[in-house]
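Here is the structure we will look at, set down as C-alpha cells.
The values are calculated or read from the model by the stated rules, or taken from the named source; none is laboratory data. Small disclaimer: the values here were computed from a predicted structure and weren't measured. Here the Cβ positions follow ideal geometry from the backbone for every residue, glycine too, while neighbour counts run over all protein chains shown. Note: areas computed on protein heavy atoms with side chains; ligands, DNA, RNA excluded. Shrake-Rupley method; radii C 1.70, N 1.55, O 1.52, S 1.80 Å.
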Amino acid sequence: MPEPQFDAIVVGARCAGSPTALLLARKGYKVLVVDRATFPSDTVSTHLVHPPGAAALQRWGVLDRLIATGCPPIDTYAFDFGPITIAGAPGTADSPFAYGPRRTVLDKLLVDAASEAGAEVREAFTVEDIVMDDNRVVGIRGHAKDGRSVTEYAKVIVGADGRYSRVADAVGAEQYNEKPEILCGYYSYWSDLPMGGRFETYARDRRGWAVIPTNDDLTLVVAGWPFAERDANRNDVEGNYLAAFDQAPEFAERIHGAKREARFAGTAVKNYFRKPFGPGWALVGDAGYNKDFITAQGISDAFRDAELCASALDASLSGARRFDAAMGEYQQTRDEHVLPMFEFTCQLATLEPPPPELQQLLGAVHGNQEAMDGFARVNSGVTSPAEFFSEENVGRIFAAAQ
Ligand SMILES: Cc1cc2nc3c(=O)[nH]c(=O)nc-3n(C[C@H](O)[C@H](O)[C@H](O)COP(=O)(O)OP(=O)(O)OC[C@H]3O[C@@H](n4cnc5c(N)ncnc54)[C@H](O)[C@@H]3O)c2cc1C
C-alpha cells in the first residue's frame with residue numbers, strides 16, 4: 001500500500017465537510033475535501049441557522065462574510081399555536097441572531113474558507129468506494145468529471161456525505177435510535193413577504209409551517225404534513241401547501257399578497273444515529289446523525305460535529321490520544337448533547353396537538369417574556385429541552401403565572 005498522501009480525506013464539502021476540513025487544515029494537517037457537487041450549488045434543505053450555528057461561523061471567521069451577503073439577521077422567534085403566540089429571543093448576548101442564508105451562499109462560503117485554510121478542494125469528484133486494507137479504511141476511489149478513476153490514501157477518511165452516506169454504507173456503520181419518516185415538508189421562496197427580523201412557525205391541525213427571511217429580499221415558507229399523507233397529497237403539493245395557511249387567516253392574507261418566485265422542493269427524512277467512527281474512518285453531520293427538520297437543527301449540529309470530530313482527530317493524529325478513546329468521546333458528547341432534542345424533534349414532527357400538560361405550560365409561558373425567551377432558546381438549540389422542561393424550571397414558570 002502506498003504511503004498516504006493526506007492526513008485526512010473528507011468526503012462531502014457542505015455544512016459538515018468544509019468546516020471539518022477547515023479546522024484540520026488550520027491545525028496544520030494535509031487535508032483533501034471532495035464533493036461530487038460544484039459550488040455554489042443548492043441542495044434540498046431549508047436553511048435556518050440558529051444562534052449556536054452563527055456563533056460557530058463567527059469562531060471560524062465566516063460570519064462577517066455571511067452578513068456581507070445581505071442575509072438579514074433574525075432576532076425573534078414567534079411560535080403561533082392558534083390561541084396563543086409565544087415570541088422570544090433565540091440567542092445569547094454573545095450570539096444574539098439567527099440567519100437564514102441560502103445554501104448557495106452558505107456552502108460556498110464554507111468551501112472557500114476550507115480552501116483558504118489550506119485544504120485541497122476537489123469539486124465535481126464522485127467517491128465510488130472506499131479502499132480497505134484488512135479491516136481498516138485507508139483511502140477512497142472515485143472519479144472526476146473526465147471519468148478517470150482516481151485513488152487517494154489518507155490516515156483517516158471522514159464521511160461528511162449526508163444522509164445517504166457512501167462512507168457509512170461501505171463501513172457498515174452501526175445504526176441506533178432509528179425512527180422512520182414522520183413528516184414531509186415542501187418549501188418555496190416568496191417576494192413581498194417582509195419579516196422584520198422574525199422567524200415564524202405555525203402549528204395547526206395536522207399542519208405546520210415556518211417562515212424564514214433569506215438573501216435577496218426573499219422569504220422561505222416551508223409547510224409540512226404527516227408522512228402518512230405524503231402519497232395522497234403528492235400530486236397537489238401547491239394546493240395542500242396553500243390550503244394549510246387557511247388555518248391562520250392573517251398569515252393567509254399576507255402570503256396572498258406575496259409572489260412565489262421558485263418551484264417547490266421538499267422531502268421527508270428518516271431519524272437515526274450512527275456510530276461515527278471505526279478503524280480509519282469517521283462520520284460527521286447527517287452521515288452520522290439525522291433527525292426531522294422541523295426544529296432546523298441539522299446545520300448547527302453539523303457545525304458542532306465538525307468541531308468535536310476535528311479536535312478528536314487532532315488528538316489522535318498528533319499522538320496525544322488513542323483514536324478509539326478520542327473518537328469515543330466525540331460520539332458520547334454528540335449523543336448526550338443531542339438526545340433530548342432528538343426526542344423533542346420527533347415528537348413535534350408528529351404535528352399532534354401538544355399534550356394537555358404542555359398546553360398548560362405554554363399558557364403559563366405566554367406573556368412571561370423571560371419564559372418566552374427560554375422557549376425560543378430551546379428551539380434554537382441554546383438550551384436543552386431537558387433543562388427547560390425540568391421540574392424546577394416548569395415550577396418557576398407556573399409560579400410566575402399565578
Ligand atoms: C427539507 C429539509 C429542510 C431542512 N431545513 C433545515 C434548516 O432549516 N436548518 C437546519 O439547520 N437544517 C435543516 N435541514 C438539515 C440540513 O439540511 C442538514 O442537516 C445539513 O445539510 C447536513 O449537512 P451535511 O454536510 O452533513 O450533509 P449535506 O448537506 O447533505 O452534504 C453532503 C455532501 O456530500 C456530497 N456527497 C454525497 N455523496 C458523495 C459521494 N459519493 N462523492 C462525493 N460527494 C458526495 C453531496 O454532494 C453533498 O454536497 C433540513 C433538511 C431537509 C431535508
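Just a few scattered comments:
- Subset of the stretch 256-280 [among the hydrophobic types (A, V, I, L, M, F, W, C) and under 16 Å from Gly224 (Cα atoms)]: Phe264, Ala265, Ala268, Val269
- Within the stretch 256-290, the residues that satisfy the criterion of being surrounded by fewer than 24 Cβ atoms within 10 Å (Cβ to Cβ) and hydroxyl-bearing (Ser, Thr, Tyr) are Thr267, Tyr272.
- Checking each residue in the stretch 291-331 for being of a type in the set (Phe, Trp, Tyr), within 16 Å of the ligand (Cβ to nearest atom) and open to solvent by 20 Å² or more (accessible area, probe 1.4 Å) picks out only Phe293.
- Top-ranked residue of the stretch 358-394 - restricted to ones that are in a loop (DSSP other than H, G, I, E, B), open to solvent by 60 Å² or more (accessible area, probe 1.4 Å) and not aromatic (Phe, Trp, Tyr), ranked as modelled with the lowest pLDDT: Gly367
- Checking every residue in the stretch 128-142 against the condition of being in a helix (DSSP H, G or I) and surrounded by 13 or more Cβ atoms within 10 Å (Cβ to Cβ) gives zero matches.
- Enumeration of residues in the stretch 87-137 that are within 10 Å of the ligand (Cβ to nearest atom) and polar (S, T, N, Q): Thr126
- Residues in the stretch 157-203 that are of a type in the set (Ser, Thr, Tyr), open to solvent by less than 40 Å² (accessible area, probe 1.4 Å) and outside any strand (DSSP E or B): Ser165 alone.
- Scanning the stretch 115-127 for residues that are open to solvent by less than 50 Å² (accessible area, probe 1.4 Å) and at negative phi yields Ala117, Ala119, Val121, Phe125, Thr126, Val127.
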